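Below you'll find the structure, written out as structure tokens, and then a few comments.
None of the figures in this text is laboratory data; all of them are computed from the coordinates on show. In this text, all values refer to a predicted model and were calculated from it rather than measured experimentally. When we count neighbours, we look across all protein chains shown, and the Cβ atoms used for this are built from the backbone with ideal geometry, even at glycine.
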Amino acid sequence: MYVDFPANSSFGGYHVIGHLMSAESWINEPSWYDSGVETFLLLTPKTDVSVMEAGMQLLVDKNLETPYFQLKLQPLDKIHLFSKDFLSEQFTVNLGDVGQVKTFSLLAFIILLAACINYMNLSTARAQKRSKEIGVSKTIGAKRREIVWRLYSETGMFTFVSFGVAIVLTLMALPVFNMILRHNIHPEIFLNAKFLSGLLLVYLATTFIAASYPALYMSGFAPITVIRRAAFTKGSAHSFVRKGLSVVQFSAAMILIAWVIVIQMQMNFVKNRDMGYNVEHIVGIPVPNQSVLDAFRNDYAAQESVSATSFASFPINLGSNRALFKTFDMMNNWEQDNSASIYVSKASPEFVELLQLNLLAGTTLPESRQGDTITNIVVNRKVADFLETTPEELIGKRIPVNFNQPMYVCGVVEDFHFRSLHEPVTPYGFHNWSNQGYSYLLLRVKDVNLSQQLLTYEEIFKRHFPNNLFEAQFPDIIVARAYEDDRRAGVVVLCFSILAILVACLGVFGLSAFMAEQRAKEIGIRKVFGASVMSIVRMFTDNYLRLLALSLVIAIPVAWWIGGRYLEDFAYRISLSWWIFAAAALITVALTLITVCWQAVKAATANPVDAIMSE
């Protein structure tokens, strides 16, 4: 017995850990073909991993006639984030995805950059109000580096206070974050030395980025320039820099909005796609042993809530991975191009009807009997395609698969997605080999009060297996779970997008308010000479419309590329359409113009006399 590992450990979900040699007594018929065991090796410090892998593969080649898999070693500290592509959650718990970490880090950087751009824009826009202060400081002998240091210090103070507020808000939002991402991050992480070091680096980087351009810009004022105010003319280079920074903000907002739309459309596509079978209202009941199969099934079949039953050796989304070859001659000369993985599972004859699979040719599985010399298999269309034949021609033929028994095709069903839409449909087959047992009894139940039904199902289970734990399986939940990471990523991207748009709108609001304050007298004089409210509003919005148009040109190609990269992870996906990016642009333009018009209308409806008479 050992103390439980922390929840965020790679071993946190294990209930039993044992030595492989001491486990021989309860491993059923150990075989070199059993590659479904996660094994940990302790290597000596000077071991060459590549040499070790080569030696392991030599053992596989020596003991298997047709070695259809390879053994790879991975450092323990890499398992969590770097195992998604080649380790199934069937064997490893607490798998992470470094791709998601990079994505969320990029989103956080975009929002932080947008906030820094707001600070730079507002600082340089208000530079005129500080020009006299800086000019006087230079006149009495202040050096440029001293002014730069002062401006950096001011920004550092703002950033420090902001970080304090951010930490408090993060602690408050942490339970919601954990709920969305199904993580278990504790507040104690803020006491971790690496986390604090990273936080310090982010603080210094934020301060440097936010203050760099304003500090260099304002510290460069010459006293004579301040007096003549030449640095603030409309066509100055600094005005172009501010506009360029605004274009970056608008582009980022459009890209994120387009990304959210793509994710939501793909999730709707996944939800509504025909999977090729029906797992709604299916309940899987574990079968601890094979001694009372008929009585066990009869008791469930007698329930009014049960409309059909079938046995299976694996849940619907799993199976024993074998190698399917083009021809029998190729079985002794294994090559990647001549073989494909085929997942096989034992099932009873009712399985095809229970799952409502589409039978293309042949019949369902015949009942298996102890001592049968022929093993029948129902395969999907992918098997026929791989063997370059038709479903009708495949009936009655033996297929070249490295299985314990010769397998003859009795039926072919239409392809179905036994894995998620991230992966293409691969060969699959249901067989009736008599020497293999069943692990599940699948029930198709009626749509009435499932919670009450489960209590009855547990009573029946305990009647036959009083010493075993009742753990019902729900295939529809198993299928939906394959997309949980995508749904959570969609929620996170949506939240980040809202934040990015909010930050961008705050920047536009601040710049618009300052512009209205700077041009108050000009607006007042225009109104005295008969300018309409609409013409004044147009004066404010024209510049932003040009910036938004430029942002659109930049954002669409980038958004198209990001959307395409996201969809590459799905074998079955939507097509990118022009209206996705048009909608993202329309949303960004609408929010920006609403923000600008708010300040423009406020300035246009103010009393012109007050503006003209003000100092």
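Determine the alpha carbon to alpha carbon distance for each of LYS72/LYS271; LYS72/LYS462; LYS102/LYS243; LYS326/LYS346; LYS62/LYS326; LYS194/LYS243 and list only those over 31 Å.
Working: LYS72/LYS271 35 Å; LYS72/LYS462 42 Å; LYS102/LYS243 29 Å; LYS326/LYS346 23 Å; LYS62/LYS326 23 Å; LYS194/LYS243 38 Å.
Pairs exceeding the cut-off: LYS72/LYS271; LYS72/LYS462; LYS194/LYS243.
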Taking the Cα of ILE185, stepping 7 Å toward and past its beta carbon, and measuring to each backbone N in the stretch 488-525: which are under 19 Å? 488-500
Sequence-distant or interchain residues sharing an amide H contact under 5 Å with ASN358, placed H: which? GLU414
Can you work out ³J(HN,Hα) from phi for every residue in the stretch 155-169, in order, using Karplus 6.51 cos²θ - 1.76 cosθ + 1.60 and θ = phi - 60°, giving whole Hz and x for Gly and Pro? 5, x, 5, 4, 5, 4, 5, 4, 5, x, 5, 4, 5, 4, 5
Which of the peptides 457-469, 41-53 is most tightly packed, and how do the rest follow, judged by the mean count of other Cβ atoms within 10 Å per residue? 457-469, 41-53
Give the cross-link partners of LYS143 among the lysines, using a straight C-alpha distance below 25 Å as the criterion and excluding same-chain residues fewer than 8 apart. LYS129, LYS132
Just name one of ILE342, SER439, LEU469: the one whose Cα is farthest towards the positive end of the charge dipole of the stretch 282-481 (beta-carbon charges, Lys/Arg +1, Asp/Glu -1). LEU469
At R0 = 22 Å, FRET efficiency that the Cβ-Cβ distance of VAL60 and ARG398 yields, to 0.05: 0.25
Measure of compaction for the stretch 282-481 (Cα Rg per 2.2 N^0.38 Å): 1.07
Between VAL558 and ALA193, what length comes free when the chain is fully extended (0.36 nm per residue of separation minus the Cα-Cα distance, one decimal in nm)? 127.7 nm
Computed label-point distance, nm, for sites LYS271 and GLU353 using a 7 Å Cα→Cβ extension: 3.4 nm
Give, as ranges by residue number, the residues of the stretch 275-292 whose backbone N falls under 15 Å from the point 7 Å along Cα→Cβ of ILE460. 282-288, 292
With label points built 7 Å along Cα→Cβ from the Cα atoms of GLN70 and GLN303, find their separation and express it in nm. 4.7 nm
Take the Cα gyration tensor of the stretch 402-472, multiply each eigenvalue by 5, square-root it, and list the three semi-axes largest first, rounded to whole angstrom. 31, 20, 12
So, with points 7 Å from each Cα along the Cβ direction, the VAL528-VAL165 label distance in nm works out to 3.9 nm
